Amino acid sequence: MFLRKPSLVIVLFSLLLISVACSQKSVTQSEIKLPEDIPEYVDEDDFDQINWENKAVEFGDRGIIGNENKSGVIGAEMTSLNGQKWMWHLWGVDNGDLTIVGYHKESGTVHKILMDGWTIQAQSPNNGADSHAPSSVKIPKIGEWAILLYVDGTLFDTLIYEINE
């Protein structure tokens, strides 16, 4: 009888740990709060699909940093906490509305990083890409960022950048 009680305590304690771990996972996923003015097609589930291991890389001879033959930026390597010009490049898109959404990994917060709204127009080929769009960006804080790109309301690509300054 003496041995059964410690076993029961261990089982109950294990169940308690499992339930706390499961409830913490639910809280983490539901912590994403979308800004009120974000376009309606941006969905909280889009952030669950981020592959943080797929870091943006430099490619081509123009210093584009992104996902080769999909999307990339000239200017992403420069200081952007105080504002910077970035040139977005898209492959497989002739023109369209380009919506750009920033997600800060460490804080789990969603941000507008374009200085003039959520969406800009991508058009005309440039630097080997099928379309491009100049913009002014301001990254609110240092850290690891997922930049979600939507073309005409559909998630197109995600760029993972480490912003250090």
Exercise. Pairs under 8 Å by beta carbon, first residue in contact (Cβ under 8 Å) with a residue 12 or more places away in the chain and among the acidic types (Asp, Glu) in segment 95-111, partner surrounded by fewer than 15 Cβ atoms within 10 Å (Cβ to Cβ) and outside any strand (DSSP E or B), six or more apart or different chains?
Worked result: Asp97/Asp152; Asp97/Gly153
For this session: Inspect all residues belonging to segment 152-161 and state whether any of them is aromatic (Phe, Trp, Tyr) and within 23 Å of Val42 (Cα to Cα).
Result: yes
Problem set entry | Of the criteria (1) assigned to a loop (DSSP other than H, G, I, E, B); (2) open to solvent by 70 Å² or more (accessible area, probe 1.4 Å), which one Glu162 fails | (1)
Exercise. Can you pull out the strands (runs of 3 or more DSSP E) entirely within segment 58-152 that have at least 1 residues that are on the phi < 0 side of the Ramachandran plot and hydroxyl-bearing (Ser, Thr, Tyr)?
Worked result: 71-74, 96-104, 109-111, 119-122, 131-137, 143-151
Exercise. Among (1) surrounded by fewer than 17 Cβ atoms within 10 Å (Cβ to Cβ); (2) among the polar types (S, T, N, Q); (3) out of contact with any Ser or Thr (no Cβ under 9 Å at 6 or more places or on another chain), which single condition is Ser135 missing?
Worked result: (1)
For this session: Can you give me the number of residues within segment 78-104 that are surrounded by 15 or more Cβ atoms within 10 Å (Cβ to Cβ) and either closer than 17 Å to Glu162 by Cβ or of a type in the set (Phe, Trp, Tyr) (or both)?
Result: 8
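Yes/no per residue for (1) at pLDDT 95 or above; (2) in contact with an Asp or Glu (Cβ under 7 Å, 6 or more places away or on another chain):
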| site | (1), (2) |
| --- | --- |
| Asn51 | yes, no |
| Asp61 | no, no |
| Asn69 | yes, no |
| Gly72 | yes, no |
| Gly75 | no, no |
| Val93 | yes, yes |
| His111 | yes, no |
| Gly117 | yes, no |
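The values are calculated or read from the model by the stated rules, or taken from the named source; none is laboratory data. A quick note: this is a predicted structure, and the numbers were derived from the prediction, not measured. Neighbour counts run over all protein chains shown; Cβ positions are idealised from the backbone, glycine included. These area figures cover heavy atoms from the full protein model, side chains too; ligands, DNA and RNA do not enter into them. Shrake-Rupley method; radii C 1.70, N 1.55, O 1.52, S 1.80 Å.
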